[in-house]
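Have a look at the structure below before the remarks.
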């Protein structure tokens, strides 16, 4: 029986990708970089995803990511701009970003009161909490598992062990909902949790992970929880 639900934040509850595109467009204008063009977000996404995979694998820290992320993006785009300066701007904007993913509030309203709810997110602790507050989602949750506070990132056993210890609920009675196969789903499978993969972009990604549910809309989850 499911007693608790863990939900990822970025691109599960709050639309990180929409934020990035808006911030790139505004930031390019602010810093006189030039016009934001179609395809630039795809470059950012590719670079950012690669860096976060390194964090998941334990070969890079978040502090190191913030020093190199935008230098690598600008290099890939053929743009001359100070990456660390843009990173400071980017993260300041992110702290106040709270664009909900379609269906997020409908899902949270449905789950609230039925299950113990917690967020499970990689990222800076205060930033992620502030975004939940800005997005009017903070009060839905009783537990906030954020990698910076825990000292380990998803999908590590250490991250999920902290979740299990604080919840005091067996893994077989917990479900993880998230958009990342390598982070959310891999970590949850490894510790014996139920899984729900949110295939936000309808990618139909193939995985060897034994996923219990795959949905293309958050509201699809209402049918089984």
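The numbers here are math on the coordinates, done by the rules we state, and not lab data. If you're wondering where the values come from, they're calculated on a predicted model, not measured in any experiment. Cβ sites come from the backbone with ideal geometry, for glycine too, and all protein chains shown count toward neighbours.
A Förster radius of 41 Å combined with the Cβ-Cβ distance from residue 201 to residue 142 puts the calculated FRET efficiency at roughly 0.85.
Computed on the chain, with alpha-carbon pairs under 8 angstrom and 6+ residues apart, the relative contact order is 24 percent. Against the chain, whose longest principal axis comes from its Cα atoms, helix 157-167 is set at around 50 degrees. To the nearest ten degrees, helix 16-30 and the longest principal axis of the Cα atoms of the chain are 20 degrees apart.
The orientation-averaged projected area of the convex hull spanned by the Cα atoms of the chain comes to 11.7 nm². Each Cα pair under 8 Å and six or more residues apart adds its sequence gap; the mean of these over the residue count of segment 16-95 is a relative contact order of 28 percent.
Placing pseudo-labels 7 Å out from each Cα toward the beta carbon at residue 46 and residue 89 gives an inter-label distance of 2.3 nm.
What value, in deg cm²/dmol to 500, does the helix sum -39500 (n - 2.57) over DSSP H runs of n ≥ 4 give at 222 nm once divided by the residues of the chain?
-13500 deg cm²/dmol
For residue 63 and residue 125 in the same chain, what is the full-extension length gain: residue separation times 0.36 nm, less their Cα-Cα distance, in nm? Roughly 21.0 nm would be gained on extension. Working value for segment 16-95: equivalent-ellipsoid semi-axes of 20, 13, 12 Å, each the square root of 5 times a Cα gyration tensor eigenvalue, largest first. When only alpha carbons are used to place a centre, segment 123-151 and segment 1-31 end up 13 Å from one another. Helix 125-134 and the longest principal axis of the Cα set of the chain meet at an angle near 80°.
Quickly rank 18-30, 167-179, 185-197 as a protection proxy: mean count of other C-beta atoms within 10 Å, highest first.
On the way: 18-30: 16.5, 167-179: 19.2, 185-197: 21.5.
Highest mean packing first, the order is 185-197, 167-179, 18-30.
Full extension from residue 21 to residue 173: what is 0.36 nm times the residue separation minus their Cα-Cα distance, to one decimal in nm? Walk me through the numbers before you get to the answer.
Numbers: separation 152, 0.36 × 152 = 54.72 nm, distance 3.74 nm.
Result: 51.0 nm gained on full extension.
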